[in-house]
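Chemist: One structure is given below, represented as structure tokens, and several questions about it will come after.
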């Protein structure tokens with residue numbers, strides 16, 4: 001993002017004297033647009049398409065894009081890794097249990 | 001069995017024990033079958049089953065947990081990983097710092113990091129980031145205000161980032177910069193013995 005002359009740096013972006021933002025200059029926490037995009041990515045319902053779209057809204061700011069990329073990577077990493085599967089044996093046992101018991105005789109009162 | 005995999009994955013993180021997770025899931029299905037007449041057709045069956053799972057956990061298994069319940073988290077900076085990796089290019093050409101970090105993280109790191117979270121934060125993160133429930137659905141499942149859900153998620157996710165970063169640093173895949181001097185002092189989590 002080229003800000004032109006930044007001798008006063010009115011946006012407090014930390015841009016260098018050439019007005020060019022380098023990685024580490026822009027602070028995503030001070031960028032409302034980036035924070036909105038980050039919150040959008042964190043939305044549990046955000047699809048891959050929506051996440052890419054949000055990332056695209058920050059095409060002119062490399063540091064903000066990196067912040068978004070990290071959030072997306074975290075989201076994409078957690079879900080499959082934490083999805084441990086039940087064993088085949090357990091599946092069979094529970095199916096047999098549910099099909100063999102008389103549910104009307106169960107005393108389940110704390111639902 | 002509808003949603004068996006999803007229920008089991010969440011039960012594993014709740015109980016941190018496969019045998020207890022199996023019992024919890026079985027109990028959930030038993031209750032679900034028994035109470036199915038109370039389920040309104042056309043409404044959210046998955047959320048309904050998760051609510052049964054959560055209530056069963058609270059009523060039956062939470063009491064049996066031997067580890068003291070941590071009731072709170074020390075505050076962690078937002079965008080924790082970004083703050084430490086932002087602009088930090090490793091010497092290896094073509095690979096960014098975050099690529100190396102995430103490549104170094106294993107599935108067991110993820111589950112260990114989740115298991116380290118206090119239960120209320122762990123459950124919120126599981127329901128949101130693993131199961132993909134909406135904030136409103138999570139509020140209904142946990143029977144808490146939506147603001148509470150968002151607060152738990154915010155803090156739980158920050159702590160998770162810190163844990164994941166530490167895993168990467170322990171493996172030497174991430175340069176360990178000096179701590180940001182503007183960081184707040186970390187506070188020890190409050191433990192509540194049961």
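Quick note: the coordinates plus some simple rules give every number you see, no bench work behind them. In this text the structure is predicted, and so the values were computed from the model without any measurement. No Cβ is skipped: glycine too gets one built from the backbone with ideal geometry, and neighbour counts run over all protein chains shown.
Chemist: I'd like the mean, over residues of A:46-55, of how many other protein chain beta carbons sit within 10 Å of each residue's own Cβ.
Modeler: 0
Chemist: How would you rank A:90, B:8, going from fewest to most other Cβ atoms within 10 Å of each one's own Cβ?
Modeler: A:90, B:8
Chemist: Label points 7 Å out from Cα along the Cβ direction at residue B:62 and residue A:79: separation in nm?
Modeler: The modelled label-to-label distance comes out at 2.8 nm.
Chemist: Over the whole of A:84-94, what's the average partner chain Cβ count within 10 Å per residue? Rounded to a whole number, please.
Modeler: For this peptide, the per-residue mean of nearby foreign Cβ atoms is 5.
Chemist: Listing B:18, B:152, A:65 from the residue with the fewest other Cβ atoms within 10 Å to the one with the most, what is the order?
Modeler: Going from least to most buried by this count: B:18, A:65, B:152.
Chemist: With a 10 Å Cβ neighbour count serving as the proxy for reagent exposure, in which order, fewest first, do B:31, B:159 appear?
Modeler: B:31, B:159
Chemist: Give me the three principal axis extents of the range B:70-177 from the C-alpha atoms, as integers in angstrom, largest value leading.
Modeler: 49, 24, 23
Chemist: How compact is the range A:28-85 by the rule of thumb for globular proteins, expressed as Cα Rg over 2.2 N^0.38 Å?
Modeler: 1.15
Chemist: Another question about this same structure. So what is the relative contact order for the range B:4-67, in percent, with contacts set as C-alpha pairs under 8 Å and at least six apart?
Modeler: With pairs under 8 Å counted, the relative contact order is 36 percent.
Chemist: Also, quick follow-up: So what is the relative contact order of the range A:28-85, in percent, for Cα pairs below 8 Å that sit 6 or more residues apart?
Modeler: Value for the range A:28-85: 35 percent.
Chemist: Separation between the residue B:106 and residue A:29 pseudo-spin-labels, each 7 Å from Cα along Cα→Cβ, expressed in nm?
Modeler: My value for the distance between the label points is 3.3 nm.
Chemist: Can I ask one more? Just counting partner chain Cβ atoms within 10 Å, what average do the residues of peptide A:65-76 show around their Cβ?
Modeler: Per-residue shielding by partner chains comes out at 5.
Chemist: To continue, here is another question. Take residue B:72 and residue B:38, extend 7 Å from each Cα along the Cα→Cβ direction, and tell me the distance between the two endpoints in nm.
Modeler: Spacing of the two 7 Å Cα→Cβ label points: 3.5 nm.
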